[in-house]
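Colleague: My questions will all concern the structure given below.
The values are calculated or read from the model by the stated rules, or taken from the named source; none is laboratory data. What you see is a predicted model; the values in this text were computed from it and never measured. A quick note on method: Cβ atoms are made from the backbone with ideal geometry, for glycine too, and the neighbour counts reach across all protein chains shown. The area values use the complete protein model at the heavy-atom level, side chains included, leaving out ligands, DNA and RNA. Shrake-Rupley method; radii C 1.70, N 1.55, O 1.52, S 1.80 Å.
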Amino acid sequence: DVYKRQVSTQSTWGRMFRIFDSTKTERISSVFRRGVFNFFEREGIQNFLVKETPTKAKENPPVAHIPVFADEVESLVGKYVVNGEQMTKYMVDCTVGTAAHAKRILRKFSSIHILGLDMDPRMLDHIRTNVLVKMSAEEAKRLDLECSNFANLTSVLSDRAKIESSWRPINCIFADLGYNSLQLSNNYGLSYMENQKLDMRYDCEAKGLTAADIVSGY
């Protein structure tokens, strides 16, 4: 019947039901699987459980990163930072990444100057190579980049203020925590979907322990 055909698929549920059958609990397993499938069919998520397709690594992983809550961030910056004023405002993007948020904010608000920090030098190289060249000259000059962990923000701002006194006070500090699409797809060892070297460092050229070193040696 339909339930037996579905159980024959290579799903987690199917394997579990076959274990029930192999232990000679045919009647119990039949009732159990009928009840489970009826429940998930009623809830509209039956196909999600019975279809199991192996995930393959993408041959050509996407290079674009789509920022989360981009509209909301832009709205908050406009409301609480710019607030209709034309005077220059200074903002720190603690995890600038691919500059996905920064370029939107710079395009929207001509009075904002952004200091973009990232401890991953490859992200900053990506911005210089692929992002700044597509921005207007006026927007690009309002984005400064520095390779640093935002844990060092106080010293970074202190050093910058010695060169440019205008970098005090800071009107906004923004942090979009987590990995981005480029870091998941470019052999950092952060993705479960691809066979990558187990590195897991943001700066893969730096000296220091990799995740592989820790797994093997501790």
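Colleague: At 1.4 Å probe size, what's the solvent-accessible area of K108? Round to the nearest 10 Å².
Modeller: Only protein atoms counted, so the area is about 120 Å².
Colleague: Still on this model: Rounded to a whole number of µm²/s, how large is the Stokes-Einstein D of segment 99-218 at 4 °C and 1.567 mPa s, given Rh as the Kirkwood radius over C-alpha pairs?
Modeller: Using the Kirkwood radius from Cα pairs, D works out to 79 µm²/s.
Colleague: Sticking with this structure for a sec: How about segment 66-158: which chymotrypsin sites (Phe, Trp or Tyr not before Pro) there lie in a loop by DSSP and see at most 12 other Cβ atoms within 10 Å?
Modeller: Passing both the DSSP loop test and the Cβ count: F69.
Colleague: Kirkwood hydrodynamic radius (Cα pairs, Å) of segment 101-149?
Modeller: Working: mean 1/r = 0.0913 Å⁻¹.
When all Cα pairs of segment 101-149 are included, the Kirkwood radius is 11.0 Å.
Colleague: Turning to a different aspect of this structure: Give me the net charge of A137's neighbourhood, meaning all other residues with Cβ under 15 Å from the Cβ of A137; Lys, Arg count +1, Asp, Glu -1.
Modeller: +3
Colleague: From the phi of every residue in segment 94-111, what ³J(HN,Hα) in whole Hz does the Karplus formula 6.51 cos²θ - 1.76 cosθ + 1.60 yield, where θ is phi - 60° and glycine or proline is x?
Modeller: Per residue, the Karplus-derived 3J(HN,Hα) values read 5, 9, 5, x, 8, 6, 4, 6, 4, 5, 5, 5, 5, 5, 7, 10, 6, 8 Hz.
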